1. In percent, how large is the relative contact order of region A:43-247, given Cα pairs closer than 8 Å and 6 or more residues apart?
2. What is the calculated FRET efficiency for residue A:384 to residue A:251, with r their C-beta to C-beta distance and R₀ = 51 Å, to the nearest 0.05?
3. Test of understanding: extend the Cα→C-beta vector of residue B:171 to 7 Å, then name every residue of region A:214-244 with backbone N under 12 Å from that spot.
4. Output the relative contact order of region B:125-205, whole-number percent, from Cα pairs under 8 angstrom with separation of 6+ residues.
5. Provide the gained length on full extension for the span residue A:162 to residue A:298, in nm with one decimal, where the gain is 0.36 nm per separating residue minus the Cα-Cα distance.
6. Please list B:6-19, A:177-190, A:45-58 highest first by mean number of surrounding beta-carbon atoms within 10 Å per residue.
7. What value, in deg cm²/dmol to 500, does the helix sum -39500 (n - 2.57) over DSSP H runs of n ≥ 4 give at 222 nm once divided by the residues of chain A?
8. Once the mean 1/r over all distinct Cα pairs of region B:125-205 is inverted, what Kirkwood radius in angstroms do you read off?
């Protein structure tokens, strides 16, 4: 017992720098050795996802993303921005960007370019529009002005082009069409939209905030003034998962890009949100954050996939296929990219369900977060035991 | 060495300089802190010149000859008189104008922060969450009612409000810890992926 007491007393006087070191290791090790884990999605995140997704493929709907933060809170907000932009690009959703902070403007450019690398068909002014930096002195006229006419409130985009002449503006006039604003901030800046846009124009508002600010924002969520809320890295990890399970999901044979069917209808690939799908055990294959190289098909799915590929690729795919427990598996790491046409290569890579690092940053981070939390809980328990033992000892003396 | 890797190395150097404060204060930390302040200010100044001064002052007045804008520009310049002890009273005029936006927001802010909150607190108590919100709202409001001493049955009742607040503070603190760890994760992801693994890739393939 005496030995135990001395350990706890020693813990009380432990130099804080050792604790820093342990916390740093608790974060570094899970980052270097990633493992698959699940992030249970919560209704505030699901609501944002569903609202964004309801605009899929529509000419007369758009989302506005407002970056009201600088680089200091990027680790929490940037992954959620990437996830939402990816969702919009995957599901053919028009998206606008602006920042009322000078230091927010380059973050918009960085986020767009990071996602755009994977979507070469996405065009500025057509699929998205970046208004760039708008001085904070103009917040009120801009927020209210957009309720009347977006092109009048923000006459030019970040590239100096007339807003009204941009193809993206076809079918978009004001908040009736751009009916969702998502504010990203490390403060209560979302209140601007809540005060000026929601009561007057009925605009739907959602926020992506740092975890510190979440407690301040919950009252507005609970009263239904925010349609949803992304809370720090956890919210970002949840959104990343939803994008992987629904928006980026492709069945074998399905095109990767939106297309017009034989009846002239616009078809946007991906699938709609469903709670039932989230409960299915099969989604574990879609949300793995470790590197995946194998595309798995049932024999029927493989036939559909083959039909969708150019004829010259089909013999190569037949050679590469392996049959394991009745399923057909193709390992992309054993294929030569140059021998396959780009469409086959891209589709095959999509069907491996391998997510690129930039689209799973938050989930990898949440692994480290979990380990760090466990370490801190242990420290708190040990510290408290030490404190009470020391107190009891002092009282006894 | 690519430009991206070089810029990442510069970022890594300054990240480690800032982290060195965890050991103890040192000249590297101070240098990085002062550089950050200076660069942020310089960047904002240039961007404000390009995105505010040119499109909202120079172009309308000197190129489009919208002379009426000279009046608000002069009022705006009054801000600079803050530095003069004799004429600092002039700076109150632009401040007075900017206060208009505060006035404009009062009615709408009342709607958002008071009326809607009150309306949502007055819904039928149909489930346990709403019951907790009801009890929490009443007891916390009574806790801040200082005209009556917190003694006896009343004191025990308002103590429930104190517990509700403690739970709220605990949630806030937990979220704060999560936020700070997230920031650290972000920096370590940068050091591990964008610097360490990139260096390994560049030199060892």
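1. On the way: 394 pairs, mean separation 58.3, N = 205.
Result for region A:43-247 is 28 percent.
2. Numbers: r = 53 Å, r/R0 = 1.03.
Calculated transfer efficiency: 0.45.
3. A:214-223
4. Numbers: 30 pairs, mean separation 18.1, N = 81.
The value is 22 percent.
5. Details: separation 136, 0.36 × 136 = 48.96 nm, distance 5.09 nm.
Length gained between residue A:162 and residue A:298: 43.9 nm.
6. Numbers: B:6-19: 15.0, A:177-190: 22.4, A:45-58: 20.4.
Ranked by mean Cβ neighbours within 10 Å, highest first: A:177-190, A:45-58, B:6-19.
7. Working: 15 runs with 177 residues, N = 397.
Theoretical 222 nm ellipticity from helices: -14000 deg cm²/dmol.
8. On the way: mean 1/r = 0.0603 Å⁻¹.
About 16.6 Å for region B:125-205.
Any read-out appearing in this document is the output of simple, stated calculations on the displayed coordinates, not a laboratory observation. Note that the structure is a prediction, hence the values are computed from the model and not measured. Neighbour counts are summed over all protein chains in view; Cβ atoms, including those assigned to glycine, are modelled from backbone coordinates with ideal geometry.
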